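The next block holds one structure in the form of structure tokens; read it before the comments.
Bear in mind these aren't lab numbers, they're just calculated from the coordinates by the rules spelled out. Predicted model only: the values in this text are computed from it and were never measured. Using ideal geometry, Cβ is built from the backbone for each residue, glycine included, and neighbour counts are taken over all protein chains shown.
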Amino acid sequence: MGEGKSLSKAILFGEHFVVHGTHAIGAALSKEIRVRISKSDKLSINIQTGQIVLDASRKILDSMDLRGNYSIEVDAEIPSSAGLGWSAAYSVALARAAANEKGITLTPEQASQYAYVGEKVFHGNPSGFDNALCALGGALMFKRGEKPISVKIGAPLHLVVAYVPRTSVTRDLVAGVSRIKEEKPEFFSLLMKKEEALVMNAKDALAKGDIPLLGKLMDENQEYLRQVGVSNPALEEIISLAKKGGAMGAKLTGAGGGGCAIALARSKNDTKTIMHAIGTKYLVFEAQIG
Ligand code: MEV
């Protein structure tokens, strides 16, 4: 028997654009996914899910040279398809469980690499940021193909996370953005430049703990995400309710098409009004980063 667990994640700035080469910033969330594997006569999983989870699991186990079949038990504190990294966290937890079964321990970087094997099955062309966040933890800045670096958080971020079921899957949302890149190269390249500058400003604002500027940058980032078509009416409603509730800024997090939005509160005390404003209609919880 082998056991492993992983943190989940929230992308603060740069999702989607990171797939095409900008930096992005995100942080691990303390909500966990735990996986336990035990030898069995066929590869199976205890949750109701699609074939893709079994395919990704097979790939991860094969890449770790763990042959034979396993019954996989998953216990998750986050919903799947919510933008909080279910697939990445599951993949990290499974890689750690497989290592545990083999009697070895993975470094966070190794856990991230094995999880990326699963992420490719789930999403087609993932940047690798989600698995890095889930495996390494903390707040990170990431660029595709480079080693993630730690980001300084000058003042804690009090976030309200709101959830609405998804209408599209990550793979299709990522492919939709790639289509825009192909069809409108100049428009897309301008957005990439704006996004890269925004992420760099966000890194400085995070280090200084400049909450009003971070809120403004979140709003701006949401505008770029709208322009590549990954927001939707429910997310827009959450964002507008959050702003009415006093949020400094709000945006979708992760792939969009539903899933989660994050709203930044001026202080811990202010999270209550924001939660109240959104929570009458949507599922909400608080998260603190830093
Ligand atoms: C999904 O959590 C984040 C995306 O940027 C995809 C990726 O980075 O692979 C939309």
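General remarks:
- For Ser8, the shell of other residues with beta-carbons less than 15 Å away shows a net charge of -2, using +1 for Lys and Arg and -1 for Asp and Glu.
- Cross-link pairs exceeding 26 Å in C-alpha to C-alpha distance, out of Lys152/Lys184; Lys152/Lys193; Lys184/Lys208, comprise Lys152/Lys184; Lys184/Lys208.
- Here the chain is treated with +1 on each Lys and Arg Cβ and -1 on each Asp and Glu Cβ, and its dipole about the Cα centre works out to around 220 debye.
- Calculated Rg and Dmax of the chain using C-alpha coordinates, Å: 18.5, 56
- Evaluated at q = 0.27 Å⁻¹, a Debye calculation over the C-alpha positions of the stretch 180-254 (equal weights, vacuum) places log10 I(q)/I(0) at -1.21.
- For Leu29, the residues whose modelled amide H falls within less than 5 Å of its own, excluding neighbours fewer than 5 places apart on the same chain, are Ser8, Lys9, Ala10.
- Alpha-carbon gyration tensor eigenvalues x 5, square-rooted, for the stretch 2-150, Å: 25, 15, 14
- In degrees, nearest ten, helix 86-102 long axis to first principal axis of the chain (Cα): 30 degrees
- Whichever aspartates and glutamates have a C-alpha closer than 14 Å to that of Lys194, once near sequence neighbours (fewer than 8 apart) are set aside: Glu15, Glu186, Asp219, Glu220, Glu223
- Amide H contacts for Asn232 (H built 1.01 Å from N in the peptide plane; partners 5 or more residues away or on another chain; cut-off under 5 Å): Gly257, Gly258.
- The chain: most fluctuating residue of Gln113, Gln51, Gln222 per GNM, C-alpha cutoff 10 Å: Gln51
- ³J(HN,Hα) computed for each position of the stretch 165-171 - Karplus, 6.51 cos²θ - 1.76 cosθ + 1.60, integer Hz, glycine/proline x: x, 7, 9, 9, 9, 3, 3
- Taking the Cα centre of the stretch 157-289 as reference, the dipole from Cβ charges on Lys and Arg (+1) and Asp and Glu (-1) amounts to some 240 debye.
- Within straight-line cross-link reach of Lys59, lysines at Cα separation under 19 Å, skipping those fewer than 8 residues along the same chain: Lys5, Lys39, Lys42, Lys102, Lys120
- Between the C-alpha center of the stretch 216-290 and that of the stretch 138-209 there is a gap of 15 Å.
- Enclosed volume per residue, in Å³, of the convex hull spanned by Cα atoms of the stretch 2-83: 120 Å³
- Cβ-Cβ distance of Asp41 and Arg144, R₀ of 35 Å, FRET efficiency by 1/(1 + (r/R0)^6): the value works out to about 0.30.
- R0 of 25 Å, Cβ-Cβ distance Glu237-Glu286: FRET efficiency to nearest 0.05: 0.80
- The stretch 157-289 pair-distance distribution - Cα-Cα, 10 Å bins, rounded %: 13, 41, 34, 11, 1
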